[in-house]
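The values are calculated or read from the model by the stated rules, or taken from the named source; none is laboratory data. The structure displayed is predicted, hence computed values, not measured ones. Here the Cβ is made from the backbone with ideal geometry for all residues, glycine too, and neighbour counts use every protein chain on show. We work out accessible area using only protein heavy atoms, side chains counted, and drop any ligands, DNA or RNA first. Shrake-Rupley method; radii C 1.70, N 1.55, O 1.52, S 1.80 Å.
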Amino acid sequence: MIETADAEPEYDENAIRFLEALWGDGYLSPGGPDEVDRVIEGLSLKDKTILDIGCGSGGITLHLVERHGAGHATGFDVERPVIETARQRAAARGLSDRANFVQAPPGPLPFTNASFDVVFSKDALLHVPDKDGLFAEIFRVLKPGGVFAASNWMISHDGEPSTDMKAYVAAEGLSFAMASPARYAQAMRRAGFADVSVRDRNPWYREVAREELVRLKGPLYATVAAAVGAAYVDKNIRTWEAMQKVLDSGEHRPTHLRGRKPAG
């Protein structure tokens with residue numbers, strides 16, 4: 001999510017095809033629509049304005065409109081390939097009037113103050129190194145009384161990563177800037193958020209990732225290899241094996257976050 005438009009994208013067409021084969025059409029992070037629904041559990045999005053940070057190829061943004069009745073959803077990402085895919089997906093579903101997609105380089109969010117009722121993000125904030133700056137921006141674009149709800153990949157601690165964690169991050173080859181749930185909660189409170197809550201999802205994803213690895217090695221292998229090449233699939237199998245180690249140890253901690261911008 002943090003590469004500029006002029007840099008080599010981290011999520012190119014091969015990555016999009018591979019991840020969607022694993023996680024569903026329009027989804028570049030695990031759990032598909034069911035996990036999105038869990039992130040926003042208890043929130044009403046009906047007729048609300050939503051910002052989806054790190055929207056990827058748009059499946060989640062459109063889900064928030066189609067299933068949850070958002071009045072208008074804006075998907076934001078810094079990478080051009082995923083934004084172009086998202087725009088095509090919205091047009092194909094006849095949703096271009098209720099969902100738009102914005103691509104801009106890293107830095108301040110390209111939106112005015114108090115623009116959105118809800119800011120959502122799914123497994124994208126780990127790419128942003130400056131957590132305090134990130135949440136100051138999220139707080140700024142939320143309307144008073146607005147809600148931030150997200151899922152994100154985190155590390156269990158803020159010290160030196162283990163050898164296994166370093167090996168996993170190297171295998172991913174992505175710009176991870178992982179921090180602990182405590183560090184995220186601290187950044188949210190510093191930005192002004194109230195009612196900050198943190199929900200550990202490691203037990204869930206630990207088992208889901210194990211199933212994903214079985215599918216990659218078995219029933220999905222031939223189909224995905226035909227789309228992106230066997231070498232690409234083999235590389236990702238090695239990445240999943242490295243990820244499973246840090247999920248099992250508890251160092252890799254997928255986590256839900258929730259917070260509210262005070263109304264006054």
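For first residues located in the stretch 142-159 and farther than 20 Å from residue 126 by Cα, partners that are outside any strand (DSSP E or B) and modelled with pLDDT under 95 and lie 6+ apart or on another chain with Cβ distances below 7 Å form the pairs 144/264. Is it the case that some residue within the stretch 73-91 is in a loop (DSSP other than H, G, I, E, B) and without any contact (Cβ under 8 Å) to a residue 40 or more places away in the chain? There is no residue in the stretch 73-91 that is in a loop (DSSP other than H, G, I, E, B) and without any contact (Cβ under 8 Å) to a residue 40 or more places away in the chain.
Selection of the stretch 30-53 for residues being buried (at least 21 other Cβ atoms within 10 Å of the Cβ) and either among the charged types (D, E, K, R) or at pLDDT below 95 (or both) yields 30, 31, 35, 52. Note on the stretch 172-210: residues that are modelled with pLDDT under 95, surrounded by fewer than 19 Cβ atoms within 10 Å (Cβ to Cβ) and assigned to a loop (DSSP other than H, G, I, E, B) amount to 5.
Only one residue in 52, 34 is free of Cβ contacts under 8 Å to residues at least 24 places away in the same chain, of a type outside the set (Gly, Ala, Ser) and either under 23 Å from residue 134 (Cα atoms) or not in a loop (DSSP other than H, G, I, E, B) (or both), so which one is that? Talk me through it step by step, then tell me what you get.
Numbers: 52 fails: free of Cβ contacts under 8 Å to residues at least 24 places away in the same chain.
Unique residue meeting the criteria: 34.
Say whether the condition of being touching a Gly at 6+ places or on another chain (Cβ under 8 Å), aliphatic (A, V, I, L, M), surrounded by fewer than 24 Cβ atoms within 10 Å (Cβ to Cβ) and in contact (Cβ under 8 Å) with a residue 40 or more places away in the chain is met by at least one residue in the stretch 19-29. No; the residues of the stretch 19-29 include none that is touching a Gly at 6+ places or on another chain (Cβ under 8 Å), aliphatic (A, V, I, L, M), surrounded by fewer than 24 Cβ atoms within 10 Å (Cβ to Cβ) and in contact (Cβ under 8 Å) with a residue 40 or more places away in the chain.
Modelled with pLDDT of 95 or more, under 22 Å from residue 126 (Cα atoms) and touching an Asp or Glu at 6+ places or on another chain (Cβ under 8 Å): does that describe residue 238? So residue 238 does not fit the description; no. Taken over the stretch 115-171, the criterion of being of a type in the set (S, T, N, Q) and either assigned to a helix (DSSP H, G or I) or buried (at least 23 other Cβ atoms within 10 Å of the Cβ) (or both) is satisfied by 121, 151, 152, 163.
Condition first: in contact (Cβ under 8 Å) with a residue 60 or more places away in the chain and out of contact with any Lys or Arg (no Cβ under 7 Å at 6 or more places or on another chain). Now tell me which residues in the stretch 236-254 satisfy that.
The initial filter retains those residues of the stretch 236-254 that are in contact (Cβ under 8 Å) with a residue 60 or more places away in the chain, namely 236, 238-239, 242-243, 245-246, 249-254.
Within the stretch 236-254, 236, 238, 239, 242, 243, 245, 246, 249, 250, 251, 252, 253 meet the criteria.
The set of residues from the stretch 211-228 being open to solvent by less than 40 Å² (accessible area, probe 1.4 Å) and either within 23 Å of the chain's Cα centre (by Cα) or touching a residue at least 60 places away in the same chain (Cβ under 8 Å) (or both) comprises 212, 213, 216, 220, 224, 228.
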